[in-house]
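Below is one structure, written out as structure tokens; the observations come after it.
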Amino acid sequence: MELRIQNLSKRYPNGTQALQDVTLTIKPGMFGLLGPNGAGKSTLMRTLATLQEADSGGASLGDLDVLKDKDAVRRVLGYLPQDFGLYPKVTAEDLLTHLATLKGISNARERKQVVDALLQQTNLHHARRKQLGGFSGGMRQRFGIAQALLGNPKLLIVDEPTAGLDPEERVRFHNLLSEIGQDVIVILSTHIVSDVRDLCPQMAVLNGGKVLLTGAPEDIIARLDGRIWKKFVDKAELPKLQAELPIISHRLLMGRTLVHVFSAGAPDESFAPAVPDLEDAYFATIKGHLAQEPASGVQAIAG
């Protein structure tokens, strides 16, 4: 089963073009949707989750029309939105049991088995009788995944799932998503580059409502070989360099500013070659350098 998205567009009443001719084909496994805040990621996720309408275009999940067969899609969909509410005085076991009933698991014995299995899978069984209001951020996110997995979904959508998690919980959540992603289509929508790098064999970069680039992370990174140059500069030098060179990123490191420049050759002898990574690829794409150069194994769409 594949998820096919064709020319999907959405404009809000305030004039914001949230999606513009988005076209993607997503196969089973982990798929990373990477983009800055406001890129249109949540709009796309909510549309695929049947929570809002598109203006034009289409999407299909196997034989299902995502935009028309909403009830059928919901039966095979799991969704973890960026912000979701929980009843703070209800235990994890009781709420998951209630949600399982709403999902159509009517047999009590089967429902208990499903709830127990999901709490074990998300490492929450020990806290099953704890009120949700006492859960940490990571435990809340794992509970969110547990409810999203009710009914054995064929498509799982998770929107910014690791934002705000501490490093230990983030690793635990990564491991959980990797396990789930072996059997179903999992769309990971995020602005955190390392989440996509660590989890996703396929990805797309979305910005301004447009798909700028799709492909395997390693193929995209390979296109930057010999094109990323680095240099430490004083902070006061940065505005001048930004006006003169295609700087794709800069950050403080050991009290000085490290800049990365996209260039076919060294801008001058003071720059050293840098080993490119997915963060370089992401920033180069957002700034329009990669999206103009299609290559084998990578689709590029000029913005």
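Looking across region 96-113 at every residue that is assigned to a helix (DSSP H, G or I) and in contact (Cβ under 8 Å) with a residue 40 or more places away in the chain, the one that is surrounded by the fewest Cβ atoms within 10 Å (Cβ to Cβ) is identified as L99. In region 201-208, is there at least one residue being at pLDDT 95 or above and either in contact with a Lys or Arg (Cβ under 7 Å, 6 or more places away or on another chain) or basic (K, R) (or both)? Yes. Going through region 114-127 one residue at a time, which ones are part of a helix (DSSP H, G or I) and in contact (Cβ under 8 Å) with a residue 24 or more places away in the chain? Passing the criteria: V114, L118, L119, Q121, A127.
When you go through G85, G138, G151 one by one, which is the residue that is touching a residue at least 40 places away in the same chain (Cβ under 8 Å) and either outside any strand (DSSP E or B) or among the aromatic types (F, W, Y) (or both)? G151 is the lone residue from the list that is touching a residue at least 40 places away in the same chain (Cβ under 8 Å) and either outside any strand (DSSP E or B) or among the aromatic types (F, W, Y) (or both). Counting only residues that are assigned to a helix (DSSP H, G or I), open to solvent by 40 Å² or more (accessible area, probe 1.4 Å) and not acidic (D, E), region 188-216 holds 1 of them. Check whether at least one residue in region 217-229 is surrounded by fewer than 22 Cβ atoms within 10 Å (Cβ to Cβ), among the acidic types (D, E) and at pLDDT below 90, and report yes or no. Looking for residues that are surrounded by fewer than 22 Cβ atoms within 10 Å (Cβ to Cβ), among the acidic types (D, E) and at pLDDT below 90, one finds none in region 217-229, hence no. Tallying residues that are β-branched (V, I, T) and open to solvent by less than 10 Å² (accessible area, probe 1.4 Å) within region 1-36 yields 3.
Has region 37-58 got at least one residue that is open to solvent by 50 Å² or more (accessible area, probe 1.4 Å) and under 11 Å from V211 (Cα atoms)? Checking region 37-58: not a single residue is open to solvent by 50 Å² or more (accessible area, probe 1.4 Å) and under 11 Å from V211 (Cα atoms). Of all positions in region 234-248, at least one carries a residue that is surrounded by fewer than 22 Cβ atoms within 10 Å (Cβ to Cβ), modelled with pLDDT of 90 or more, within 28 Å of A18 (Cα to Cα) and not β-branched (V, I, T).
The values are calculated or read from the model by the stated rules, or taken from the named source; none is laboratory data. Quick caveat: nothing in here was measured; it's all calculated off a predicted structure. Glycine also receives a Cβ, built like all others from the backbone with ideal geometry; neighbour counts cover every protein chain displayed. Remember, those area values only see protein heavy atoms, side chains included, never the ligands or the DNA or RNA. Shrake-Rupley method; radii C 1.70, N 1.55, O 1.52, S 1.80 Å.
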